[in-house]
Every structure is written in structure tokens, then in C-alpha cells.
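Colleague: Structure below; questions to follow.
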Amino acid sequence: MVVRSTVKKPSIFEKTFLSEEKLPIVYRATEGANKDSIVNWIGKNEKEWQRDLGLYGAILLRGFGLKTALDFEAVALATKDKLGDFYLGTSPRDKLTDYVFTASELPAHYPIMQHAEMSFLDNPPKRLFFFAKQASYYGGETPLTDLRKVYSLIDPAIKKKIEAKGIRYQRKYDGPSSGSRFSLWKTKRWDEMFNTTNISEVEKIAKKNRFDLKWEGTDSLTIFNKQSGFRKHPKLGTTAWHNHTQVFHFDTPVIEVWKIFKRQKTLRSLGVALLLTVITWFKKLGDSSNYAMHVTYGDGEEFTSKEISAICNTFWENLSAFRWENGDVLIIDNYSVSHGRLPFNGDREILVSWTA
């Protein structure tokens, strides 16, 4: 007679939360668990972690001893997702491995507003992966917001207009002749975004993504494109706020930096808020067609100040921020949850990967 053991194998982690918002759910490593443990578990338990990701929108892997970009890449590859290596976003990034990049090379004082990665594209990434190789000693959180909740809370009148008209984006980029890698208003150059200085190749990529291009001066480029403002999740069927209005609208940086000052209460954040307010006021004396980045309704109608404030307030009222710990990996459902970056002090190195 064969006796089968009924002893349950100990789990390599316990599930918990960091806040009442339950965003993200945390897989906290138990004693003895390591990088190989979580890589193997992810590969064998796709149904469980995908269920948690769909329900909560983000999973934080903590305490598994990851140290390098290759450790991080192994976790991302374990999901069996097809990973991407071409980035049409605005932040300057450095490539470290086949599928791992620095999350952003923007200065420490520069905030990154809440956004779904590359929501202005026809086919944005389905999932994102972040890795805290080095957490800053102050600030530098990657705040999260449930975009499904944002969609449910946004003023119905705004949603109705977006549903009917869509969103129109305007982005200006310097070219190779500028010399500088990025500017305060335009972030990175177009040759870094398209990964080529060949204008014919740029135009080919632009056509594939339904971008309208306007070349000006020596090699400056303005990109226009229209996109829907909401998206249904390809598997769950849920609807989420999915656009860059709260990032690209000309008024949002000022709103953002004042909210950051209220949160961080530092002299630097006050200085940034005052300076940006003055600069923005002067720039608004000109025509909106000259803004480095801007967003309108799809027919060109401007968002009102009241509408933009309401959108930004909805994000901040539902924002969940946690302190990074070295070795953390954050998996985000990009169709359900947005992310950003708060200003920081000290060394900080957050890496990123995404699905194709």
C-alpha cells in the first residue's frame, strides 16, 4: 500500500498589503526564498499571479534578493510575456540588457505625473515591470492609481466629450543639432525616441503609429496624433481611463508640483513650484500651438482649467505611494493601473521592462 504525503509544501512568500488601498498586493518572501524561487514559482503558477494582477492591478515582489539587471530580466521573462525593446515614450532611458532599461534619466527634482505607459499609442504595453536596484533615501516613490476607479469617478460630462471626440496630442522634440539630451519642456530628442537619425525611417515608424509629423527649423519635430481616451481591458473587459491628459496638458505640471510641495514640504519643492508657475504664466501668453507638449479634445477644443484640475485631483485623491526597498520588483497591469515618480534625494536606480 502506497501512502501519499498530505503535508503541504511551505509557500515561498506570504501575501499582504502596504495600505488600505490594497495597491499593490505584496508577495513578501519567506525565510530561504530567493530569486530562483520566485522565478520558478512565476513560471509554474501563471493562473494565480495573473488572477491577483487582474484583481489588484499591481504586484510587489519583496525580499527575494534580486541585485542585478539580469536578475530582474529573469523575473520578467518568467512571466512568458513577449518583452519589448523599442520605446516610443518621452522619458530618456538607457538600455542595460536585451529587455531592461533605466526607467528615466530625468533629474531628481523633475516629477513624472501619473500615466499609463504609452497610452497615446494604438497598442500600448499590457504589462510593466519595475526593479529597485537602488532606492533613494528620500522621496522617489512610484505612486500608483487604479485607472478603473479614475474612470468611474471622472465627471460624466468630461467622459462624454472624450468618448465623442477622443484626445489630440501635440509633442515637440529637439533634434540631434540641439546637442542636449533633453530639455525641461521637451524631455528627450526625437532621434533617441525613434532610435535613428534617418528621417525616412522616422517617417516610416510615424506612419505605422498614425503620427502626423511637422518638421521645423534645422531638425525640430512636432508630432500630432489622435487617440481614444479610455480602453477596455483585453481579458477582463473592464474600462479604464487611458490617456495622457494629466501628463501632457500644459497646465498639469504646475498643478503637480504644488501638490508635491504640500506632500514633501521641502524648500526645493517650493522653489520648483514657484519657478514653474512663473515660467508657465509667461509661456501661456503665447499661442497653444507653440507649447512643447499639450493635449486637447480630439477636435481641438481646449480642456478648461476646471476640467484639468478635476482630472488631476481625481488622481491625487486616489493615489497610493509606497517606499521602495532595494531588490523590489513591481509588476503593473498597464490597462488598469497608472504610475509616476515623486522627486527624490540621494542615489536612485529604478529599472524597467515592458511587454511588446
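Colleague: With a cut-off of 8 Å between alpha carbons and a minimum separation of six or more residues, what is the relative contact order of segment 54-147 in percent? Could you put the intermediate results ahead of the total?
Modeller: On the way: 52 pairs, mean separation 21.6, N = 94.
In percent, rounded to a whole number, it is 23.
Colleague: So between LYS204 and THR97, what do we pick up on full extension, going 0.36 nm a residue minus the alpha carbon distance?
Modeller: Working: separation 107, 0.36 × 107 = 38.52 nm, distance 2.61 nm.
Net length gain for the segment: 35.9 nm.
Colleague: Now, a different point. Excluding ligands, DNA and RNA, what is the solvent-accessible area per residue of segment 271-310 at a probe of 1.4 Å, expressed in Å²?
Modeller: Per-residue value: 55 Å².
Colleague: Report Rg (one decimal) and Dmax (nearest whole number) for segment 142-251, counting Cα atoms only, units Å.
Modeller: Values for segment 142-251 (Cα only, Rg and Dmax): 16.7, 47 Å.
Colleague: Treating cross-link reach as a plain straight distance, find the aspartates and glutamates whose alpha-carbon is under 12 Å from the alpha-carbon of LYS35, omitting any fewer than eight places away in the same chain.
Modeller: Here the aspartates and glutamates satisfying the reach criterion relative to LYS35 are ASP71, GLU73, ASP328.
Colleague: Applying 1/(1 + (r/R0)^6) with R0 = 25 Å to the Cβ-Cβ distance of ARG51 and LYS226, what FRET efficiency is obtained, to the nearest 0.05?
Modeller: On the way: r = 35 Å, r/R0 = 1.39.
The calculated FRET efficiency here is 0.10.
Colleague: Restricting things to Cα coordinates, could you compute the convex hull volume per residue of segment 86-137 in Å³?
Modeller: 108 Å³
Colleague: How far apart, in nanometres, would the label points at ALA310 and ARG323 be if each is projected 7 angstrom from Cα along the Cα-to-Cβ direction?
Modeller: 3.8 nm
Colleague: Around LEU236, with a cut-off of 10 angstrom between Cβ atoms, what is the net charge of the other residues, counting Lys and Arg +1 and Asp and Glu -1?
Modeller: Every neighbour counted, the sum reads +2.
Colleague: Determine the sum of side-chain charges near ARG210: Lys and Arg each +1, Asp and Glu each -1, restricted to other residues whose C-beta is under 15 angstrom from that of ARG210.
Modeller: In short, +4.
Colleague: Give me the dipole magnitude in Debye, nearest 20, for the chain about the Cα centre, with unit charges on the beta carbon: positive for Lys and Arg, negative for Asp and Glu.
Modeller: In total the dipole reaches around 700 debye.
Colleague: Can you give the angle from 0 to 90° between the axis of helix 267-283 and the longest principal axis of the chain, with both taken from C-alpha atoms, to the nearest 10?
Modeller: 40 degrees
Colleague: Taking a probe of 1.4 angstrom, what is the accessible area of LEU70 in Å², to the nearest 10?
Modeller: 110 Å²
Colleague: By how many degrees, 0 to 90 and rounded to 10, does the Cα axis of helix 46-56 deviate from the longest principal axis of the chain?
Modeller: Taking Cα atoms only, the helix is inclined about 50 degrees.
Colleague: Still on this model: Specify which labelled value, from (1) 85, 43, 42; (2) 62, 42, 42; (3) 77, 54, 46, agrees with Cα extents along the principal axes in Å derived from the coordinates of the model shown.
Modeller: So the calculated entry is the one marked (1).
Colleague: Carbon and sulfur: what percent of the chain's accessible surface (1.4 Å probe)?
Modeller: 52 percent
Colleague: Express in % the proportion of alpha carbon pairs of segment 179-325 at distances exceeding 24 Å. Kindly include the intermediate steps, with their values, before the conclusion.
Modeller: Numbers: 5036 of 10731 pairs.
Here the tail beyond 24 Å accounts for 47 percent of pairs.
Colleague: Same structure, new question: Based on Cβ point charges of +1 for Lys and Arg and -1 for Asp and Glu, what charge dipole magnitude is obtained for segment 283-323 about its Cα centre, in debye rounded to the nearest 20?
Modeller: Computed charge dipole of segment 283-323: roughly 320 debye.
Colleague: May I pose another question? Label points 7 Å out from Cα along the Cβ direction at ASN195 and THR218: separation in nm?
Modeller: Result for the modelled spin labels: 2.7 nm.
Colleague: Longer than 31 Å from Cα to Cα, which of LYS165/LYS214; LYS95/LYS161; LYS207/LYS262; LYS47/LYS306; LYS15/LYS306 are they? Say none if no pair is.
Modeller: In this structure, LYS95/LYS161; LYS207/LYS262; LYS47/LYS306; LYS15/LYS306 lie more than 31 Å apart at Cα.
Colleague: Another question, then. Under unit Cβ charges (Lys, Arg +1; Asp, Glu -1), what dipole magnitude, rounded to 20 debye, does segment 222-356 have relative to its Cα centre?
Modeller: On the way: 15 positive and 13 negative charges, 52 e Å.
Computed charge dipole of segment 222-356: roughly 240 debye.
Colleague: Can you give me the C-alpha center-to-center distance between segment 188-232 and segment 38-101, rounded to a whole angstrom?
Modeller: Cα centroid of segment 188-232 versus Cα centroid of segment 38-101: 28 Å apart.
Colleague: Next question, about the same structure. Considering only ASN313, HIS294, TRP281, whose Cα is most displaced toward the positive end of the charge dipole of segment 277-317, charges sitting on Cβ of Lys, Arg (+1) and Asp, Glu (-1)?
Modeller: Value computed over the given set: TRP281.
Colleague: Helix 199-208 versus the longest principal axis of the chain: what angle, 0 to 90°, nearest 10, using Cα atoms?
Modeller: It is inclined by approximately 70 degrees.
Colleague: Listed here are the pairs LYS82/LYS149; LYS44/LYS259; LYS82/LYS283; LYS133/LYS159; which of them are more than 31 Å apart at the Cα?
Modeller: Going by Cα-Cα distance, LYS44/LYS259; LYS82/LYS283; LYS133/LYS159 fall outside the 31 Å limit.
Colleague: How charged is the neighbourhood of VAL100? Take every other residue with its Cβ under 12 Å from the Cβ of VAL100, and add Lys/Arg as +1 and Asp/Glu as -1.
Modeller: Charge balance in the 12 Å sphere: -3.
The values are calculated or read from the model by the stated rules, or taken from the named source; none is laboratory data. These numbers were taken from a predicted model, which means no experiment stands behind them. Using ideal geometry, Cβ is built from the backbone for each residue, glycine included, and neighbour counts are taken over all protein chains shown. The area values use the complete protein model at the heavy-atom level, side chains included, leaving out ligands, DNA and RNA. Shrake-Rupley method; radii C 1.70, N 1.55, O 1.52, S 1.80 Å.
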